[in-house]
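Participant: What follows is a structure written as structure tokens; I'll ask about it next.
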């Protein structure tokens, strides 16, 4: 059980954590209403389990863990019933346009262009993140879930495959296609 000084105070949750949790959910789902709903669901779930909070982490970390599980549930729900990516061979065929068969390097015509985000201008970063979020919204739900879990949440491949019920081969095909699609979208809308 949490000590008195680490006891969660639900009356302060909205003021102390709502914005952080909302931004966390929004960055992973790209849906404002869904992000708001998940934050509310997180607070409700936490209220139901407040007596089980052991104080081994901060209140925010605990709430974020609850929210993370809810986000994964959304990913799972969106990706269930979706047909996994067809075939690793098809992905390899797709790569032929981008990579040299002999050395694996980018073909000259398909070499990525610099995005211009190497500088640390907060306004440029904000605009880039906005465009990236829009590009991510265009991805199929399963692709977005895999990409977000891998590159935003830093989840391991095994966890992603287990949570989203995809094979490792499908995972690598999906991540490859998501990256190619995001790259094309960013080059069209950012550069």
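Participant: If each residue's Cβ is checked for other Cβ atoms within 10 Å, how do 190, 62 rank with the fewest at the top?
Facilitator: On the way: 190 16, 62 21.
Least crowded to most crowded, the residues run 190, 62.
Participant: Place a point 7 Å from Cα of residue 7 in the direction of its Cβ. Which residues in the stretch 38-79 have their backbone N less than 19 Å from it?
Facilitator: Answer for the stretch 38-79: 46-60, 62-63.
Participant: Fully extended, how many nm does the chain gain between residue 190 and residue 109 (0.36 nm per residue separation, minus their Cα-Cα distance)?
Facilitator: The span from residue 190 to residue 109 would gain 27.3 nm if fully extended.
Participant: Please compute the modelled spin-label separation between residue 168 and residue 125, points set 7 Å along Cα→Cβ, answer in nm with one decimal.
Facilitator: 3.6 nm
Participant: Something else about it: Would you mind computing, in nm to one decimal, how far apart the modelled labels at residue 31 and residue 151 are, each placed 7 Å from Cα along Cα→Cβ?
Facilitator: With each label placed 7 Å out from Cα toward Cβ, I get 2.1 nm.
Participant: Ranking request for peptides 27-37, 46-56: highest mean number of other beta-carbon atoms within 10 Å first, then the rest in descending order. Present the calculation step by step, with values, prior to reporting the outcome.
Facilitator: Working: 27-37: 16.7, 46-56: 12.7.
The densest-packed peptide leads the list: 27-37, 46-56.
Participant: Any chance you could run the full-extension gain for residue 58 through residue 158? It's 0.36 nm times the residue separation minus the Cα-Cα distance, nm to one decimal. Could the numbers behind the result be given before it?
Facilitator: Details: separation 100, 0.36 × 100 = 36.00 nm, distance 2.71 nm.
Difference between extended and current length: 33.3 nm.
Participant: Which ordering of 20, 75 is given by a fewest-first count of other beta-carbon atoms within 10 Å? Present the calculation step by step, with values, prior to reporting the outcome.
Facilitator: Numbers: 20 14, 75 22.
Going from least to most buried by this count: 20, 75.
Participant: Roughly speaking, what is the stretch gain from residue 73 to residue 134, that is 0.36 nm per residue apart minus the C-alpha to C-alpha distance, in nm to one decimal?
Facilitator: Values: separation 61, 0.36 × 61 = 21.96 nm, distance 2.19 nm.
Extra length available between residue 73 and residue 134 comes to 19.8 nm.
FYI, it's all coordinate maths here, none of it is from the lab. Values in this document were obtained by computation on a predicted structure and should not be read as measured data. Reconstructed Cβ throughout: ideal geometry from the backbone, glycine too, with neighbour counts over all protein chains shown.
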